[in-house]
Amino acid sequence: MALISRFPRCVNPHASVISLALVLVLGFAPVVAAVEELPREAALPLTLANKAAAAAQEKCKQDGYRVSVAVVDRAGVLKVLMRGDGAGPHTTNSSSKKAYTAASLRRPTSELAELVAKTPPLQGLRDIDDKTLILGGGLPIEIGGEIVGAIGVGGAPGAHLDDACAQAGLDSIGAAPKVPPPAAK
């Protein structure tokens, strides 16, 4: 009551508290509305990025390939880079560029390579920036219908083999498949 006694002119002492509450709530209303309008995006957690990279690395190792694996976030920013024992020094760059390309263009890099080969006007995609590499081995990471990042593998003796290792990484974290399973023999 000491606080209320400071406002002797108020007919209803609770009116000043209610008025103050309204000013605070209504004064912040535009801020709340602006926050509600901000886009919400799922983020690829580091734990999943590490798990995907390790699974891709292990698949290639089991198959006898010495590779590097890169995982990037949805913007193509590097989150994880693993260079396997004996992998060539160029593989760190190629895996990072493949992951960046798959995240940036939101498509598997093998699919992009085929598209560019079949459609000459799309050759310019190869030179879109210095981070792009249109060569198989890069797959977007799609979880819950949203692209949250990408994985790139470099160093196996063939783009289809890089793709298979990258797909193992996607499988390990429950991401949507991007490479069809191998045909049964």
- Message: Considering only residues that are closer than 12 Å to GLY154 by Cβ and in a loop (DSSP other than H, G, I, E, B), which ones fall in region 85-100?
- Response: ALA87, GLY88, PRO89
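Enumerate the helices (runs of 4 or more DSSP H) found wholly within region 1-72, keeping only those where 1 or more residues are modelled with pLDDT under 60 and loosely packed, with under 10 Cβ neighbours inside 10 Å.
Of the helices (runs of 4 or more DSSP H) lying wholly inside region 1-72, those with at least 1 residues that are modelled with pLDDT under 60 and loosely packed, with under 10 Cβ neighbours inside 10 Å span 2-5, 13-37.
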- Note on the structure: Among the residues of region 73-84, the number that are outside any strand (DSSP E or B) and either touching a residue at least 40 places away in the same chain (Cβ under 8 Å) or charged (D, E, K, R) (or both) is 3
- Residue within region 128-137 that is basic (Lys, Arg) and not in a helix (DSSP H, G or I) present: yes
- Of all residues in region 101-117, how many are assigned to a helix (DSSP H, G or I) and within 12 Å of LEU139 (Cβ to Cβ)? 8
- Answer with yes or no whether PRO140 is crowded, with 20+ Cβ neighbours inside 10 Å and either under 18 Å from the mean Cα position of the chain (by Cα) or acidic (Asp, Glu) (or both). yes
- Query: If you go through region 169-182, how many residues are closer than 17 Å to GLN62 by Cβ and buried (at least 23 other Cβ atoms within 10 Å of the Cβ)?
  - Reply: 2
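The values are calculated or read from the model by the stated rules, or taken from the named source; none is laboratory data. No experiment lies behind these values; they were computed from the predicted model shown. Here the Cβ is made from the backbone with ideal geometry for all residues, glycine too, and neighbour counts use every protein chain on show.
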